[in-house]
1. Taking a virtual spin label 7 Å from the Cα of Glu19 along the C-beta vector, which residues in segment 64-85 bring their backbone nitrogen under 12 Å of it?
2. Evaluate E = 1/(1 + (r/R0)^6) for Cys283 and Arg312, where r is the Cβ-Cβ distance and R0 equals 25 Å; express this FRET efficiency to the nearest 0.05.
3. With only alpha-carbon pairs counted, each pair once and no self-pairs, how large is the Kirkwood hydrodynamic radius of segment 46-139 in angstroms?
4. Report the full-extension gain for the segment Leu122 to Arg82: residue separation times 0.36 nm, less the Cα-Cα distance, to one decimal in nm.
5. Take every DSSP beta bridge whose two residues both sit in the chain, then give the antiparallel share in percent to the nearest 5.
6. If you average the sequence gap of Cα pairs under 8 Å that are 6 or more apart and divide by the length of segment 3-313, what percent do you get for the contact order?
7. Could you order the peptides 128-137, 27-36 from most to least packed, using the average number of other C-beta atoms within 10 Å per residue?
8. Show me the helices of the chain, taken as full DSSP H stretches, that run 15 Å or more along their long axis by Cα and average -0.5 or above in Kyte-Doolittle hydropathy.
Amino acid sequence: MGWADGHCDVLYKLWQDGEGKLDFYSRNGNLDVNWPRAKDAKVRLQVFAIFVPPEVPRSQSWHVALQQVDDFYERVVQKGSRVCPVRSGEEIALLRQGDQMGGLLAMEGADALQGNLSYLRLLYRLGVRQVGLTWNHANEVADGIEEKRGGGLTRFGHHMVQEMDRLGMVLDVSHLSVRGFWDVMEYKIPVVASHSNAQAICSHHRNLMDDQIRAVIQKEGLIGITFVPKFVHDHPEVATVDCILKHIEYILSLGGKNHIAFGSDFDGIDQKIPGLEHIGDVCNLKEELIKRYPEQWVRKWTEENWLDFYVRHL
Ligand SMILES: [Zn+2]
């Protein structure tokens, strides 16, 4: 049984590193997701986020996004030739046959587009197939979840969703404001919440409310259960692997059996759940899942749901 992960921040760390000291192909190279560990965990697909942090001045944000795309191709794909960039349903389907790991480029927060649909199209040509409209703050597209006014999509945001849909991209609603979420739901575009949990289990505002979970399920989307302690438990310091199972159980109770997946947020977090500290550790979670649920279900959540979703939509 393999694994697929819907969100990691390896590219952000590689960009921060600049000098090239971090090595994706080294086991102890200070990356939570690296090749040796991913191989241990039989990772078939990893989604790599392009994340430009808010402290980057707007004038440099596009450049930083491109730098992270370059890091993906130079330091993840090219260097070991073991990660295969995937851009289409056909390429994802092929992952099932070989033992190569697929890498899918996604963008976390559209700030770097600076309001240009041409930049969106360029990213598509560079292999980016999924975009989360916002990080926590407002941008040209919409408000993020931490923006107190809670605005939805802007006029440009509506144009952008339509253009993403035309190009055949997936829309990620993690980090988006509640109103933005419901604006997006009006469109036919395929949606995921790449790294969000259930608010009924952990009350953090980054998690999804029941009606949002139901809406993602209804839209045949996916929810990537995330390992960020503060999104797992209201007292993050006591979060355990078992607490993650509570989120799964809850989403199951809302009818989400075919809509559960995982989005670790590895390399984007400093706090970790004990026994779930890097991608090699997902075996521990898998063991717990196997104890409680039919193997066929576990296989869907740990791997098949992501692969099926992207085969269907890319
Ligand atoms: Zn995030």
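1. The answer is none, because no backbone nitrogen lies closer than 12 Å to the label point.
2. Working: r = 28 Å, r/R0 = 1.11.
It comes out at approximately 0.35.
3. About 13.9 Å for segment 46-139.
4. On the way: separation 40, 0.36 × 40 = 14.40 nm, distance 2.52 nm.
Full-extension gain reported as 11.9 nm.
5. Numbers: 2 of 31 bridges.
Beta bridges within the chain, antiparallel portion: roughly 5 percent.
6. After rounding, I find 19 percent.
7. Ranked from most to least packed, the peptides come out as 128-137, 27-36.
8. Correct list, ordered by number: 241-253, 282-292.
The values are calculated or read from the model by the stated rules, or taken from the named source; none is laboratory data. Predicted, not measured: the structure shown is a model, and the values here were computed from it. FYI the Cβ positions are ideal-geometry reconstructions off the backbone, even for glycines, and counts take in every protein chain you see. When the accessible area is computed, the model is the full protein with side chains, heavy atoms only, and any ligands, DNA or RNA have been set aside. Shrake-Rupley method; radii C 1.70, N 1.55, O 1.52, S 1.80 Å.
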